[in-house]
Amino acid sequence: MPSCCDPNGLARVFDARRAARDARDYRRKGLDQDARRIVDFLKARGVAGGTVLEIGGGIGALEIELLRAGAARASNVEISDAYEPAARQLATDAGVVDRIDRRVVDFATDHADIGAADAVVLHRVVCCYPDMPALVRPAAERARRWLVLTFPAERWWVRAGVRLLNAGQVIFRSPFRVFYHEPSAILRIARDAGLRPLQTRQGLFWQLLALERP
């Protein structure tokens with residue numbers, strides 16, 4: 001069952017096997033398409049010399065690419081400790097291990113001492129957390145310049161797919177669920193934190209939302 005420290009059975013899904021597979025895929029193929037769009041957006045807006053905070057960054061591939069693009073430092077807040085060995089090895093191999101700070105906590109409930117950053121990123125993370133406002137609001141508040149998120153797109157087949165996937169989780173008695181949070185609600189929270197939308201893109205399954213602080 002999910003616990004207070006892992007409210008959605010995340011450690012069971014995002015385990016050492018998943019970390020090893022993600023690291024192997026990144027070494028072979030680089031970033032996925034949506035992550036590459038995040039990097040391209042932040043490069044174009046001027047992330048060079050700035051700081052990055054990624055929430056739920058897994059193996060840290062996106063942070064590595066942003067550091068290669070000129071960012072000064074990066075921080076990763078991850079709820080599963082299974083990613084740590086693979087993430088450290090990737091950062092070491094890339095020569096950026098001393099420029100990444102990693103913490104294993106539930107950001108939604110334990111963010112008081114996590115500082116702001118020029119760019120805050122949540123890539124395919126919002127759909128894994130039951131309490132969307134508790135995750136997105138403090139992330140938006142910590143974005144000095146940009147907040148970039150990817151989450152399930154506002155399409156009927158995405159909603160249907162989420163329901164089907166969760167039905168399978170029930171059958172296999174997994175505590176993990178995928179959550180479809182309304183994009184308009186995510187945008188409203190970011191706006192309330194003083195951010196304005198700059199770019200939105202709907203793919204077949206994922207939607208990218210990029211915002212900036214005026």
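Observations on the structure shown:
- Options V178, V136; residue that is under 24 Å from I59 (Cβ atoms) and at pLDDT 95 or above: V136
- V136 being closer than 30 Å to L165 by Cα, open to solvent by less than 40 Å² (accessible area, probe 1.4 Å), β-branched (V, I, T) and in contact with a helix residue (DSSP H, G or I) (Cβ under 6 Å, 6 or more places away or on another chain): yes
- Contacts under 6 angstrom Cβ, first residue in the stretch 139-152 being under 15 Å from A71 (Cβ atoms), partner open to solvent by 10 Å² or more (accessible area, probe 1.4 Å) and assigned to a strand (DSSP E or B), 6 or more apart: R144/D118; R145/D118; W146/E212
- Within the stretch 155-192, if we keep just the residues that are among the polar types (S, T, N, Q) and assigned to a helix (DSSP H, G or I), the residue that is nearest to R37 (Cα to Cα) turns out to be S184.
- Qualifying residue in the stretch 107-116 (condition: open to solvent by 50 Å² or more (accessible area, probe 1.4 Å) and of a type in the set (S, T, Y)): yes
- Residue identified as in contact with a strand residue (DSSP E or B) (Cβ under 7 Å, 6 or more places away or on another chain), surrounded by fewer than 18 Cβ atoms within 10 Å (Cβ to Cβ) and farther than 29 Å from G46 by Cβ among V158, V104, V170: V104
The values are calculated or read from the model by the stated rules, or taken from the named source; none is laboratory data. The model shown is predicted, which means the values in this text are computed figures rather than measured ones. Note that we place each Cβ from the backbone using ideal geometry, even for glycine, and neighbour counts take in every protein chain shown. Note: accessible area is taken over every heavy atom of the protein model, side chains too, but ligands, DNA and RNA are not part of it. Shrake-Rupley method; radii C 1.70, N 1.55, O 1.52, S 1.80 Å.
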